[in-house]
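The values are calculated or read from the model by the stated rules, or taken from the named source; none is laboratory data. What you are looking at is a predicted structure, and each value in this text was computed from that prediction instead of being measured. Backbone-built Cβ (ideal geometry, glycine too); neighbour counts: all protein chains shown. Calculation scope for accessible area: heavy atoms of the full protein, side chains included, ligands and nucleic acids excluded. Shrake-Rupley method; radii C 1.70, N 1.55, O 1.52, S 1.80 Å.
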Amino acid sequence: MSKEKSNELAIIQNEENSIDNLFSRAQVLIDKKMVPSTIKKPEEVVSIIQIGEGLGMNASTALNSIDIIQGSIAIKSKIIPGLLAKHGVAIQVLSDYEPVIEQKKVPKFVVKDKKKEFVFDDEGNPVFFTNPDGSFMIKDEIIDYVTKVRFKRNFPGIGVIENDIEFKWSDAVAAGWDSKPNWQKMPKYMMMARCISRGARIAAADIIGGLYDDLEIRDAYNVNVNIIED
């Protein structure tokens, strides 16, 4: 056997031994409960550690920052802001679950048998209350809620690029997420997390590896989880 082929076989053997050792160590971590309880298999440990290395994380940080949900790799939403800041991407919150207010005319109504009945004209059009001067009576009405975040990143040779990302409560309703426990209990948190993860994929996909966050994956697969304990 030539020296060159012998060296190639040695390299392959060393790689195989390295992989075997990696899986063996992963199983030890699981057996000693040194990884999050959601991680069950050594191949999951290995995958998470390898992905974490690509994102600049040590093994411990990766195991607590990356999850596997229904076979999909997901980065935990709560660590995205810190990861972006570490790479010089600034996040500025412009709106945080702020109400979207629209001025509307007040429909006229009468009360019959303790029930409110709206008034319509002969052509079936709604009648509205008016002020003494004849102008329509107007009231502010909340029609939606919005979260908006600005991402700033300096690209050498290009300059600072800004991306404004917004997410509305009506977006969650349209997607059918408003009935989920986390969205009902903590809409402000969920909307901010969704806004940041979407913005991160647009402004810094290379930094987060283009990954979806864990809350997005759980919504996609209808996996409910208490985000306080996550």
Whole-Hz couplings from phi, Karplus 6.51/-1.76/1.60, listed for segment 194-207; x for Gly and Pro:
5, 5, 5, 5, 5, x, 5, 6, 7, 8, 8, 4, 5, 6
Local charge sum around Ala204 (other residues, Cβ-Cβ under 11 Å, Lys/Arg +1, Asp/Glu -1)?
+3
Check which residues have an amide H placed less than 5 Å from Thr130's amide H, if you skip close sequence neighbours.
Met137
Once you have the Cα-Cα distance between Lys152 and Phe136, take 0.36 nm times their residue separation minus that, and quote the gain in nm to one decimal.
1.3 nm
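Residues of segment 144-223: accessible area per residue at 1.4 Å, in Å²? Before the final figure, lay out each step's value.
Details: 3830 Å² over 80 residues.
Value for segment 144-223: 48 Å² per residue.
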What GluC sites (Glu not before Pro) in segment 155-230 are in a loop by DSSP, with at most 14 other Cβ atoms within 10 Å of the Cβ?
Glu229
Residue-ordered couplings for segment 36-44, obtained by feeding phi - 60° into the Karplus form 6.51 cos²θ - 1.76 cosθ + 1.60 and rounding to whole Hz (Gly and Pro as x), are x, 5, 6, 8, 10, 10, x, 5, 5
Expected sort for 150-161, 196-207 on mean C-beta neighbours within 10 Å, highest first, is 196-207, 150-161
Match the structure shown to one of the listed values (i) 7, 22, 22, 17, 13, 9, 6, 2, 1, 1, 0; (ii) 7, 30, 33, 18, 6, 3, 1, 0, 0; (iii) 7, 31, 39, 18, 4, 1, 0 of P(r) over Cα pairs in 10 Å bins from 0, in percent, computed from it, and give that label.
(i)
Residues of type lysines that Lys180 reaches as a straight line, Cα spacing below 25 Å, ignoring anything fewer than 8 places off in the same chain
Lys76, Lys78, Lys148, Lys168, Lys188
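From the helices alone, meaning DSSP H stretches of at least four residues, give me the mean residue ellipticity at 222 nm for the chain, per-run term -39500 (n - 2.57), in deg cm²/dmol to the nearest 500.
Working: 8 runs with 92 residues, N = 230.
Result for the chain: -12500 deg cm²/dmol, rounded to the nearest 500.
Taking the Cα centre of segment 155-218 as origin, work out the dipole magnitude from +1 charges on Lys and Arg Cβ and -1 charges on Asp and Glu Cβ, in debye rounded to 20.
Numbers: 8 positive and 9 negative charges, 60 e Å.
Here the size comes out at about 280 debye.
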When the chain is treated as a GNM, springs tying every alpha-carbon pair under 10 Å, which of Lys116, Lys32, Lys104 comes out with the largest mean-square fluctuation?
Lys116
Most fluctuating residue given options Met186, Met57, Met137, as computed from a GNM of the chain linking Cα atoms under 10 Å:
Met137
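Let me check I've understood the local charge: for Phe136, count other residues with C-beta under 12 angstrom from its C-beta, Lys and Arg +1, Asp and Glu -1. What total comes out?
It works out to a net charge of +3.
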Local charge sum around Met191 (other residues, Cβ-Cβ under 12 Å, Lys/Arg +1, Asp/Glu -1)?
-1
Relative to the Cα centre, what is the charge dipole magnitude of the chain, using +1 at the beta carbon of each Lys and Arg, -1 at the beta carbon of each Asp and Glu, and rounding to the nearest 20 debye?
520
In whole percent, what relative contact order does the chain give with Cα contacts below 8 Å and a gap of six or more residues?
19
